[in-house]
Structure formats: structure tokens, C-alpha cells
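**Student:** Quick one: the structure is below, and I'll ask about it shortly.
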Amino acid sequence: MDFNDSEVADLLGRLSNAKSPSGFEDETIDVVRDFCGGWARVETNTVRDALITPRGFTGEKPVLMLDAHGDEVGGMVRSIRSNGTMTFVELGRFSPNVLAGQDVLVRNTLGEWVHGVIGVRPPHFMSPAERASGEPQLILDVGATSKEEAVGAFNMGMGEPFVPATRFEYDEATDVAVGKAFDCRAGVAAELLALRELAGRDGLPFDVVASVSSMEEVGERGVLAAARHFDPMVAFMFEGCPADDTFTIPDDVQTALRHGPMFRYFDCCMITNPRYQRIVLRCAAEAGLACQTSVREGGGTDGGPVHMLDVPCVVAGVPSRYVHSGTAMCTLYDIKMTAEVAVAVAGRMTPDDVRAF
């Protein structure tokens, strides 16, 4: 595959900057719809999945469904206090203490995004017990001084979402991208690149479709609706998975930057079908493509609910440092390699292979 790095960086940047916490995936869908213009149809459902059907879909072959989730960890306004600050709940799960002092964008009732901050009590005002606990009380603050001002001037409202205000940057010299929501927008980028390549190929043994599914961060909810829509024979999942090459001793590293996609044998929601995993690793090796494998002790993916529908799944994770925080890092190399592995598998695997799983 011949990638245009400027296009890949632009796609990843637009996806990263999209403000789409769980349940509010509209901006991600807009980017997906724009990218697929001219070669695929993009539909949506009530849970905000983007359902992508390339124009070459025949309806006569078994279906291979690609999937990546379009949401990100974020938060939602729970209440507005008399002093103008707000309490909130997390949509998904941020790493401990990440939110303290984080600048965020809060959607107001007019649909506008207002710059705010996750406020934390300064150390000057902390009691010894608060300092010792390491769990500071957090509030959401857009600068209002009363509930009336928060509602009347800032148009804040219960149930409105927020996301980190991090902006995407890419350094061409080092191939390092920095931004928010690489879990799973790095996976979405790889998925879209792979799907476009496959949509232009004739003679594939499968009809290849894709979902950019919703609400993964709150329990892999949207992908079930996508799987029911497409009724696939087999699925290939993409993720922006947490890299472990910065806090792990070298002998135990299983997900490192610049080593290609990571394929997990096990996580909290799925034991990967070993026969499918072997075919994927064999296809990658035959194509001369880099990949790595892991056994995960934590985390889950969209493969969890889908494999329980008797649809075999593998998960290709784009290594991303510091996911579930305000800022993450990944490389275009790993995104491109992930797309290439998916294309190799879709071109080599057959329906008979899947029947033998």
C-alpha cells in the first residue's frame, strides 16, 4: 500500500480533534462521512454508530466486518452549584489524578463548546488529611460566579458533555503524533485506510464493511447494534491500545511504539480465537509486515460482545502511549502498518478458513 503521510496525519488530526465522548459521537461521524465520500455509503443508527458500506458491496458473499470505536473518555455535567461551578461524572475512566487541572471543552445548551478547567483545591488550602489521601476533590469550572450566570450567560446545563481541550500535533521529522483520543481514533484512522484500500480491490472472498461504533468506553455498547446490522461471518477489530513500553521492564514489554499492531491473546472480555489469531500472524509474516502480541491483564475491546454472538474476532491495537489521559502519543508508522496487516488478512483469509475456526 502506498500511503500519503500528509493525508494520514490530516485524517488522524481531524479524528483526534473531534469532540466525541461516549454517547456524543457526532463529530467523529462527520469526519468519517467526509473521508468516505464518493466510495462508500455511511449510515447512522440511534446509538450513533457509523455504518459504512463500500459501493462494491455485492450482498452475495460472506461479510467481514471491520470495527473501531469512535468515542473517547470524557465527562458529563451532573449538577450546577450556587457558586457557578459544576459537579460531573466521567464517561469512561480516566487514569487516576489525570483530570486535576486539565483544561477542557464543555458543550453548552446551545451546542457551543466553552473552554473550562477541572478545578482542584490549591495545596495552600489542603488539610494534611487531604494531602495524604492523594485524591483531591475536583470540580468543573468555566469561570461563572453563580448558578444564574452559569446557566444564563454561559448556557451550562445538566447532561452536557466535556472532553480534554488538547489539540493535535504531528512532527514529520520524528513521526510522532501528540493529541487526545488516540484510543480509539488511531484505530479509526487505520480502519478507514484499510477499508478504502479493500473497497478498491476486486475478487475478495468477503464483502468488507465497517463500523465506527459508539460507547465503547462505557461498556462496548454500540458495536452490538453494528454487528446485528451487518450480520458478519467474521470481524476484525481496531483499537488504540495502551503502549506498555515506558513503565514496564524491557523483558515484559508487549506493546511498543514503532513495532506495528499488537494482537492480544487475552484481555478482560475475550480470549481470542487461537485459530483466527494464527491465521492473522501468518498472513502478516507472509506479507513481511511487523506486528506484536500480548496477554493483557486489564482492559477490554469491542471484540468482547461480538465474539459472544459467535462471530470470531481479532483485535489489532495501534500502540498509543498514555491513553485515558488528556494527551497521548503514537506514530504514523504503526497506524499504516495496522492498516496493511488488515488488508493482508482480508485478501488471504477465506470463508473456509473461518468455518474451521
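**Student:** Taking interchain pairs and intrachain pairs at least six residues apart, which have beta carbon atoms under 9 angstrom, with the first residue in the stretch 222-238 and more than 22 Å from residue 347 (Cβ to Cβ) and the second polar (S, T, N, Q) and surrounded by fewer than 24 Cβ atoms within 10 Å (Cβ to Cβ)?
**Tutor:** 222/45; 225/45; 225/46; 226/45; 229/45
**Student:** Do you know which residues across the stretch 316-325 are closer than 28 Å to residue 97 by Cβ and surrounded by 24 or more Cβ atoms within 10 Å (Cβ to Cβ)?
**Tutor:** Restricting attention to the stretch 316-325, the residues satisfying the condition of being closer than 28 Å to residue 97 by Cβ are 317-325.
Within the stretch 316-325, 317, 318, 319, 320, 323 meet the criteria.
**Student:** Whether any residue in the stretch 68-86 is assigned to a helix (DSSP H, G or I) and in contact with a strand residue (DSSP E or B) (Cβ under 6 Å, 6 or more places away or on another chain) is what I want to check.
**Tutor:** No, the stretch 68-86 contains no residue that is assigned to a helix (DSSP H, G or I) and in contact with a strand residue (DSSP E or B) (Cβ under 6 Å, 6 or more places away or on another chain).
**Student:** Next question. Can you tell me how many residues in the stretch 269-282 are out of contact with any Ser or Thr (no Cβ under 9 Å at 6 or more places or on another chain), of a type in the set (A, V, I, L, M, F, W, C) and open to solvent by 30 Å² or more (accessible area, probe 1.4 Å)?
**Tutor:** Number of matching residues: 1.
**Student:** Name the residue, out of 10, 30, 67, 26, that is charged (D, E, K, R), closer than 26 Å to residue 167 by Cα, at pLDDT 95 or above and in contact with a helix residue (DSSP H, G or I) (Cβ under 8 Å, 6 or more places away or on another chain). First the steps, then the outcome.
**Tutor:** On the way: 10 fails: in contact with a helix residue (DSSP H, G or I) (Cβ under 8 Å, 6 or more places away or on another chain); 30 fails: in contact with a helix residue (DSSP H, G or I) (Cβ under 8 Å, 6 or more places away or on another chain); 26 fails: in contact with a helix residue (DSSP H, G or I) (Cβ under 8 Å, 6 or more places away or on another chain).
Result of the check over 10, 30, 67, 26: 67.
**Student:** Right, next: Out of 346, 342, 285, 290, report the one residue that is in contact with a helix residue (DSSP H, G or I) (Cβ under 8 Å, 6 or more places away or on another chain) and surrounded by fewer than 18 Cβ atoms within 10 Å (Cβ to Cβ).
**Tutor:** Details: 346 fails: surrounded by fewer than 18 Cβ atoms within 10 Å (Cβ to Cβ); 342 fails: surrounded by fewer than 18 Cβ atoms within 10 Å (Cβ to Cβ); 285 fails: in contact with a helix residue (DSSP H, G or I) (Cβ under 8 Å, 6 or more places away or on another chain).
One residue alone meets the criteria, 290.
**Student:** Within the stretch 210-221, is there a residue that is of a type in the set (S, T, N, Q), open to solvent by 20 Å² or more (accessible area, probe 1.4 Å) and either in contact with a Leu (Cβ under 6 Å, 6 or more places away or on another chain) or at pLDDT 95 or above (or both)? Show your work before the answer.
**Tutor:** Kept after step one, since they are of a type in the set (S, T, N, Q), are these residues of the stretch 210-221: 211, 213-214.
This time we only want the ones that are open to solvent by 20 Å² or more (accessible area, probe 1.4 Å), so: none.
Looking for residues that are of a type in the set (S, T, N, Q), open to solvent by 20 Å² or more (accessible area, probe 1.4 Å) and either in contact with a Leu (Cβ under 6 Å, 6 or more places away or on another chain) or at pLDDT 95 or above (or both), one finds none in the stretch 210-221, hence no.
**Student:** Looking for something over 30 Å from residue 349 (Cα atoms) and either of a type in the set (Val, Ile, Thr) or part of a strand (DSSP E or B) (or both) - is there at least one such residue anywhere in the stretch 50-59?
**Tutor:** We begin by selecting, within the stretch 50-59, every residue over 30 Å from residue 349 (Cα atoms); these are none.
Within the stretch 50-59 (the criterion being over 30 Å from residue 349 (Cα atoms) and either of a type in the set (Val, Ile, Thr) or part of a strand (DSSP E or B) (or both)), the answer is no, since none of the residues qualifies.
**Student:** Related question: Go through (1) open to solvent by less than 40 Å² (accessible area, probe 1.4 Å); (2) out of contact with any strand residue (DSSP E or B) (no Cβ under 6 Å at 6 or more places or on another chain); (3) of a type in the set (Val, Ile, Thr) one by one and return the number of the condition residue 46 breaks.
**Tutor:** The single condition residue 46 does not satisfy is (1).
**Student:** Name the single residue that is farthest from residue 205 (Cα to Cα) among those in the stretch 228-244 being assigned to a loop (DSSP other than H, G, I, E, B) and open to solvent by 40 Å² or more (accessible area, probe 1.4 Å).
**Tutor:** Among residues in the stretch 228-244 that are assigned to a loop (DSSP other than H, G, I, E, B) and open to solvent by 40 Å² or more (accessible area, probe 1.4 Å), the one farthest from residue 205 (Cα to Cα) is 231.
**Student:** Answer yes or no: is there a residue in the stretch 260-273 that is touching a residue at least 40 places away in the same chain (Cβ under 8 Å), more than 22 Å from residue 10 (Cα to Cα) and part of a helix (DSSP H, G or I).
**Tutor:** No, the stretch 260-273 has no match at all.
**Student:** I need every pair where a residue in the stretch 2-30 that is without any contact (Cβ under 8 Å) to a residue 12 or more places away in the chain has its Cβ under 6 Å from the Cβ of a residue that is hydroxyl-bearing (Ser, Thr, Tyr) and assigned to a loop (DSSP other than H, G, I, E, B), sequence separation at least 6 or different chains.
**Tutor:** These pairs meet every condition: 27/20.
**Student:** While we're on this one: For the stretch 249-259, which positions are closer than 17 Å to residue 328 by Cα and either modelled with pLDDT under 95 or open to solvent by less than 60 Å² (accessible area, probe 1.4 Å) (or both)?
**Tutor:** Listed by number, the residues that qualify are 255, 256, 257.
**Student:** How many of the residues making up the stretch 20-43 are of a type outside the set (A, V, I, L, M, F, W, C), crowded, with 21+ Cβ neighbours inside 10 Å and assigned to a loop (DSSP other than H, G, I, E, B)?
**Tutor:** Our first condition is that a residue be of a type outside the set (A, V, I, L, M, F, W, C); within the stretch 20-43, this holds for 20-23, 25-28, 30, 33-34, 37-38, 41, 43.
Now drop any that are not crowded, with 21+ Cβ neighbours inside 10 Å, which leaves 20-22, 25, 28.
Pick out the ones that are also assigned to a loop (DSSP other than H, G, I, E, B) and you get 20, 22, 25.
Final tally of qualifying residues: 3.
**Student:** Inspect all residues belonging to the stretch 195-202 and state whether any of them is of a type in the set (A, V, I, L, M, F, W, C) and open to solvent by 20 Å² or more (accessible area, probe 1.4 Å). Even if it seems obvious, please write down each step before you answer.
**Tutor:** Residues of the stretch 195-202 that are of a type in the set (A, V, I, L, M, F, W, C), as a first pass: 195, 198-199.
Retained after the next criterion (residues that are open to solvent by 20 Å² or more (accessible area, probe 1.4 Å)): 199.
Yes: the stretch 195-202 contains one or more residues that are of a type in the set (A, V, I, L, M, F, W, C) and open to solvent by 20 Å² or more (accessible area, probe 1.4 Å).
**Student:** With the requirement that a residue be aromatic (Phe, Trp, Tyr) and at positive phi, what does the stretch 303-337 give you?
**Tutor:** Step one: of the stretch 303-337, the residues aromatic (Phe, Trp, Tyr) are 322, 333.
Across the stretch 303-337, the qualifying residue is only 322.
**Student:** Taking strands (runs of 3 or more DSSP E) that do not extend beyond the stretch 94-143, which have at least 1 residues that are charged (D, E, K, R) and open to solvent by less than 80 Å² (accessible area, probe 1.4 Å)?
**Tutor:** Numbers: elements: 103-107, 113-120, 138-141.
Those strands (runs of 3 or more DSSP E) span 103-107, 138-141.
**Student:** Is it the case that the stretch 176-191 has a residue that's in contact with a Ser or Thr (Cβ under 7 Å, 6 or more places away or on another chain), assigned to a loop (DSSP other than H, G, I, E, B), crowded, with 21+ Cβ neighbours inside 10 Å and not hydroxyl-bearing (Ser, Thr, Tyr)?
**Tutor:** Looking through the stretch 176-191, at least one residue is in contact with a Ser or Thr (Cβ under 7 Å, 6 or more places away or on another chain), assigned to a loop (DSSP other than H, G, I, E, B), crowded, with 21+ Cβ neighbours inside 10 Å and not hydroxyl-bearing (Ser, Thr, Tyr).
The values are calculated or read from the model by the stated rules, or taken from the named source; none is laboratory data. These numbers were taken from a predicted model, which means no experiment stands behind them. Because the Cβ atoms are built from the backbone with ideal geometry, glycine has one as well, and the counts that use them run over all protein chains shown. Calculation scope for accessible area: heavy atoms of the full protein, side chains included, ligands and nucleic acids excluded. Shrake-Rupley method; radii C 1.70, N 1.55, O 1.52, S 1.80 Å.
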